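The structure under discussion appears below in the form of structure tokens.
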Amino acid sequence: MKIRTYKTSDTAAIMRLFYDTIHEVNIADYTKEQVDAWAPANIDTEAWISSLKNKFTYVVEEDEHIIGFGELESNGHIDRFYCHKNFQKKGVGTKIIETIELKARSLGIKKLFTEASITAKPFFLNKNFIVIKKQEVERRGQIFINFVMEKAL
């Protein structure tokens, strides 16, 4: 398992991982209608490329396959953070969060924050994030519960 920075050629695999993880892992905590709204089948590739390139995006690979990715914004926000369904609880997320924390410290960021799904909340709690608040958010007509979480560095 190795971690590296994002390349444009990773986009299709990252988008597939995002879609599959939400539809096959997050479905345990959200309805089919919610996961369809969260990760629709018609994802805009150009928008993803732009978004991934404009953040500090890290990719974890094993045997040339992308098994996880995470994004850090310059203000300390962790945006998308996903691990392949077959690599849950195997250290992929830990590798990503450790890399994000190192990068954040090198940038002088004092606090990381994210909006963690019900599914991801235990992972972030385990990495010493605290819940600031539970919230409801709307995406494509569906209401989701997630948690604003943060960690001081």
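Things worth noting here:
- Exclusive hit being among the hydrophobic types (A, V, I, L, M, F, W, C), in contact with a helix residue (DSSP H, G or I) (Cβ under 6 Å, 6 or more places away or on another chain) and at pLDDT 95 or above, set Phe147, Phe129, Phe124, Phe81: Phe147
- Residue satisfying condition, being more than 17 Å from Tyr6 (Cβ to Cβ) and not aliphatic (A, V, I, L, M), within set Asp79, Asp36: Asp36
- Applying the set (1) outside any helix (DSSP H, G or I); (2) more than 18 Å from Gly141 (Cα to Cα); (3) touching a residue at least 40 places away in the same chain (Cβ under 8 Å) to Tyr30 leaves exactly one unmet item: (2).
- Check on Gly108, at pLDDT 95 or above and either in contact with a His (Cβ under 7 Å, 6 or more places away or on another chain) or surrounded by 18 or more Cβ atoms within 10 Å (Cβ to Cβ) (or both): no
- Residues considered: Arg4, Arg16. Of these, the only one that is surrounded by fewer than 16 Cβ atoms within 10 Å (Cβ to Cβ), farther than 17 Å from Ile96 by Cα and not small (Gly, Ala, Ser) is Arg16.
- Taking each residue of the range 39-57 that is within 15 Å of Gly70 (Cβ to Cβ) and looking for partners that are surrounded by 11 or more Cβ atoms within 10 Å (Cβ to Cβ) and of a type in the set (A, V, I, L, M, F, W, C) with beta-carbon atoms closer than 6 Å, six or more apart or interchain, yields Trp48/Met15; Phe56/Leu72.
- Scanning the range 114-130 for residues that are farther than 22 Å from Gln34 by Cα and either of a type in the set (A, V, I, L, M) or surrounded by 18 or more Cβ atoms within 10 Å (Cβ to Cβ) (or both) returns Leu125, Phe129, Ile130.
The values are calculated or read from the model by the stated rules, or taken from the named source; none is laboratory data. Quantities reported herein were computed from a predicted structural model and do not represent experimental measurements. Here Cβ is always computed from backbone atoms with ideal geometry, including for glycine, and neighbour counts include all displayed protein chains.
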